Structures are given as structure tokens and as C-alpha cells.
1. Determine whether the range 18-40 contains at least one residue that is part of a helix (DSSP H, G or I), surrounded by fewer than 17 Cβ atoms within 10 Å (Cβ to Cβ), in contact (Cβ under 8 Å) with a residue 40 or more places away in the chain and in contact with a helix residue (DSSP H, G or I) (Cβ under 8 Å, 6 or more places away or on another chain).
2. Only one of 213, 248 is surrounded by fewer than 18 Cβ atoms within 10 Å (Cβ to Cβ), in contact with a helix residue (DSSP H, G or I) (Cβ under 8 Å, 6 or more places away or on another chain) and over 17 Å from residue 170 (Cβ atoms). Can you tell me which?
3. For the range 266-280, does any single residue satisfy the condition of being surrounded by 13 or more Cβ atoms within 10 Å (Cβ to Cβ), touching a strand residue (DSSP E or B) at 6+ places or on another chain (Cβ under 6 Å) and closer than 19 Å to residue 130 by Cα?
4. Looking at the range 239-259, is at least one residue more than 23 Å from residue 138 (Cβ to Cβ), part of a helix (DSSP H, G or I) and modelled with pLDDT under 95?
5. I want to confirm something. Restricting to the range 105-122 and keeping residues that are in contact with a strand residue (DSSP E or B) (Cβ under 7 Å, 6 or more places away or on another chain) and not in a helix (DSSP H, G or I), which single residue is farthest from residue 240 (Cα to Cα)?
6. In the range 89-131, what residues are touching a helix residue (DSSP H, G or I) at 6+ places or on another chain (Cβ under 6 Å) and at positive phi?
7. Against the conditions (1) assigned to a helix (DSSP H, G or I); (2) within 23 Å of residue 273 (Cα to Cα); (3) out of contact with any strand residue (DSSP E or B) (no Cβ under 8 Å at 6 or more places or on another chain), where does residue 150 fall short? Just the number, please.
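The values are calculated or read from the model by the stated rules, or taken from the named source; none is laboratory data. Small disclaimer: the values here were computed from a predicted structure and weren't measured. Cβ placement follows ideal geometry from the backbone for every residue including glycine, while neighbour counts extend to all protein chains displayed.
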């Protein structure tokens with residue numbers, strides 16, 4: 001496919017000018033004269049330089065990669081149809097839609113962008129974290145920094161001992177069964193050639209513990225609503241997890257809260273102060 005530079009530039013400008021700061025979780029400020037978002041704001045949302053993004057709007061520069069287009073589509077909060085249109089304008093075939101897609105829907109992003117004061121994350125059906133709030137990173141570490149199979153918390157649970165340090169020891173036996181049960185359910189749903197099946201094969205080859213619980217053939221073990229975290233600085237925290245599902249993309253928005261007035265609520269407030277100082281890297 002050939003890149004349509006004019007069409008790409010016009011589409012990007014139109015989408016940028018149609019978005020308001022509050023649509024993407026940005027403050028409006030007092031001296032805003034630009035119609036919609038500024039180029040530098042879009043560039044920041046898309047994790048690229050302002051110069052690179054500006055050249056696309058001016059029909060200049062090299063053809064953007066598929067990874068770059070995916071980042072732009074997410075930063076501009078495009079729908080799936082708009083994302084696919086953007087890929088074709090840039091001269092690429094759109095990625096698949098559905099369970100294997102990592103494109104977060106605009107509606108789910110709008111909710112996520114408003115969760116400044118609470119730990120929250122968006123995860124795939126395989127437990128791969130796509131987005132975290134700042135307070136979410138302060139609670140668990142930057143889970144988006146993992147790569148390969150380790151992006152899945154279920155995989156890390158059986159292969160990386162550090163992952164378990166984040167959870168109360170009394171919950172470990174249940175979580176072991178839950179992660180194996182959850183993966184078995186996704187394998188059955190997606191089939192033997194799926195990413196879930198590949199993940200199961202990797203774990204069967206690497207973990208004796210996984211092989212034991214996998215052979216129990218348990219299914220339907222649901223996560224507990226109350227989670228018992230062990231923060232490296234603040235200690236035990238009892239948080240309630242509310243889940244919102246995007247059924248089209250099979251993405252889950254997880255929001256963690258504490259009972260007002262409880263010790264865990266006080267620790268959450270303290271967590272917002274200390275931020276990510278004590279959690280520089282992935283913690284599980």
C-alpha cells in the first residue's frame with residue numbers, strides 16, 4: 001500500500017482540532033487560543049517528538065512505521081474504525097481487531113484519564129498491563145515495562161519470584177490456582193493456536209508448580225474483590241478492586257480503592273505523596 005500523505009495530514013489535523021484537553025485528561029489552562037489540542041500535546045500523548053508529529057501534518061518526513069501509527073491512534077483516542085482508516089492512510093494494513101488487539105477504546109480511555117487520584121490499570125485477557133495511572137505505578141511498579149511472555153502477570157507468577165512479594169503470602173495458594181484457571185479458560189476460548197495456548201506451553205516447559213495446578217483442570221476461579229497487597233514501603237494494604245470490561249476488545253479496567261477511614265485508605269493517601277520514589281522498576 002502507498003502512503004496518502006495529504007489524506008494522512010488532513011485526518012490528523014482534523015482529529016487533533018476536534019479534541020479538547022479534557023477529552024484526553026489534560027488541563028485546559030487559562031490562555032488557550034488553539035482550536036482543539038496543540039501539536040506538542042498530541043506529540044506527548046503519542047510518545048513522539050513534536051517535530052516528528054508536525055512533519056506528518058505538513059505532509060513531510062519518512063513513512064511512519066506501524067508501531068508509530070498505533071501510538072498515534074491511541075494518543076488521539078481513535079475508535080477502531082478510525083484507527084484502521086489511519087493505518088491505511090499511512091500505507092499499512094490495519095492490525096486485527098478483537099481479543100489480540102492492544103488498541104484501547106476511546107470510552108475506556110476517557111474513564112481511565114479521569115482516575116488521577118486512585119490506582120488503576122487497563123489489562124488484556126492475558127493479564128498484560130497496557131496503561132497505569134501514576135498511583136497505580138506507585139502501588140505495583142511500572143507493569144508496562146515488561147516485554148515478551150513476562151508481560152502477562154500469570155506468566156510472571158510462575159517464573160519470577162519477585163512478583164509474589166507484592167501479594168500477601170496467605171493469598172498465594174489461591175492466586176496460583178486462579179492464574180492457572182484463568183489461562184485455561186482463555187486457551188479454551190481462543191483455541192490451540194492462540195497466544196494463550198503458546199503461553200501455557202511455555203509455562204508447562206518452565207514451571208513444575210504450573211504443571212501440577214494445570215493438570216487439575218480447574219476452571220471458573222474468579223478473582224476476589226478484595227486484594228491484599230504488600231507494598232515495599234507501606235506494608236500491608238487491603239484494597240477493593242472494581243472491574244469494568246470492554247467486551248469488544250476484551251480489555252479490563254481495574255480500579256483499586258480502600259474503605260474511607262481505614263488504615264489502607266490512609267496508606268493510599270500517603271502513597272499519593274511518596275509516589276513512585278521507592279518503585280523505580282517493575283515489581284510484578
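1. The answer is yes; a qualifying residue exists.
2. Working: 213 fails: surrounded by fewer than 18 Cβ atoms within 10 Å (Cβ to Cβ).
Unique residue meeting the criteria: 248.
3. no
4. The initial filter retains those residues of the range 239-259 that are more than 23 Å from residue 138 (Cβ to Cβ), namely 245-250.
Keeping just the survivors that are part of a helix (DSSP H, G or I) gives none.
Taking every residue of the range 239-259 in turn, none turns out to be more than 23 Å from residue 138 (Cβ to Cβ), part of a helix (DSSP H, G or I) and modelled with pLDDT under 95.
5. Step one: list which residues in the range 105-122 are in contact with a strand residue (DSSP E or B) (Cβ under 7 Å, 6 or more places away or on another chain), which gives 105, 108, 111-112, 115, 118-122.
Remaining after also requiring not in a helix (DSSP H, G or I): 105, 115, 118-122.
Numbers: 105: 24, 115: 15, 118: 11, 119: 11, 120: 11, 121: 14, 122: 16 Å.
Filtering first and then ranking leaves 105.
6. Hit for the range 89-131 is 127, nothing else.
7. (2)
Quick grid of which residues meet (1) modelled with pLDDT of 95 or more; (2) in the same structural domain as residue 259 (by TED's automatic domain parsing); (3) loosely packed, with under 15 Cβ neighbours inside 10 Å:
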{"residue": "152", "(1), (2), (3)": "yes, yes, no"}
{"residue": "180", "(1), (2), (3)": "yes, yes, no"}
{"residue": "193", "(1), (2), (3)": "no, yes, yes"}
{"residue": "198", "(1), (2), (3)": "yes, yes, yes"}
{"residue": "204", "(1), (2), (3)": "yes, yes, yes"}
{"residue": "226", "(1), (2), (3)": "yes, yes, yes"}
{"residue": "230", "(1), (2), (3)": "yes, yes, no"}
